[in-house]
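What follows is calculated from the coordinates using simple rules that are stated; it is not laboratory data. Keep in mind it's a predicted model, so treat the numbers as computed, not measured.
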Amino acid sequence: MHPRMPVIDVQSTDLICRTSSMFAKVKPLVVEAGTNIGLVWDTKNTSPYTDAHPHGPCTFWLAPYASKGTGQVWSKFQEFKFEGDNDSAKWCTDKILDKGYYVLNIPAYIGKGKYYLKTEIIDITDAQKTNYEDFTAGPRFHSNCMVLEVTSNSTAPLKNPVNILEAYKKYYKTPLFPKGTANSNFTLPGPAPYSGDAE
């Protein structure tokens, strides 16, 4: 596992893309707006998915490449919590285990350009606990970023952008998921995903 993972301190800049090296020059993945990409979590370069991220939901964000992920630039466009109820619920991680990958749609309203795609798995195994004084318990954030070059007929900017650190800050020293189980009160950090069309 990468030494910076998982992130528990919701005030850490590692929460954005895990490490500043993510902002180095990398070859972007070219994708057309409105199409799907397949995401694979492989922490050991062996199997498509391991138990390194054992239990929880996923969130997906975009930010303009020129921003380097800094400031009010991140737009949440998709999240997957769970299907079903309570003990029978299938979390995002369960869906990944079932298929070995996650199918992510890049919305049709995304404008042409280069972006950072932030993918995040939130391990809620210890999320019902609160020990943020030394960050040994609580939700564990497995964040990674990649670069996308989106082809699109739209030039619209990202919708409802937020500052990741500000959006997550309110969960500091409070239980993010008090019960750690799937229920109607279950919420994720940040705003609801934007799902509308470009104006």
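Data for the structure
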{"read-out": "Whole-Hz ³J(HN,Hα) from phi, Karplus 6.51 cos²θ - 1.76 cosθ + 1.60, for segment 97-111, glycine and proline x", "value": "4, 4, 9, x, 7, 10, 8, 10, 8, 8, x, 5, 7, 5, x"}
{"read-out": "From phi via Karplus (6.51, -1.76, 1.60), per-residue ³J(HN,Hα) for segment 139-149 in Hz, x at Gly/Pro", "value": "x, 10, 9, 9, 9, 9, 10, 9, 9, 10, 10"}
{"read-out": "Of Lys90/Lys169; Lys27/Lys90; Lys114/Lys169; Lys68/Lys90, pairs whose Cα-Cα distance is over 31 Å", "value": "Lys27/Lys90; Lys68/Lys90"}
{"read-out": "Under the Karplus curve 6.51 cos²θ - 1.76 cosθ + 1.60, θ = phi - 60°, whole-Hz ³J(HN,Hα) for segment 9-16, x wherever Gly or Pro sits", "value": "6, 6, 9, 7, 5, 5, 5, 6"}
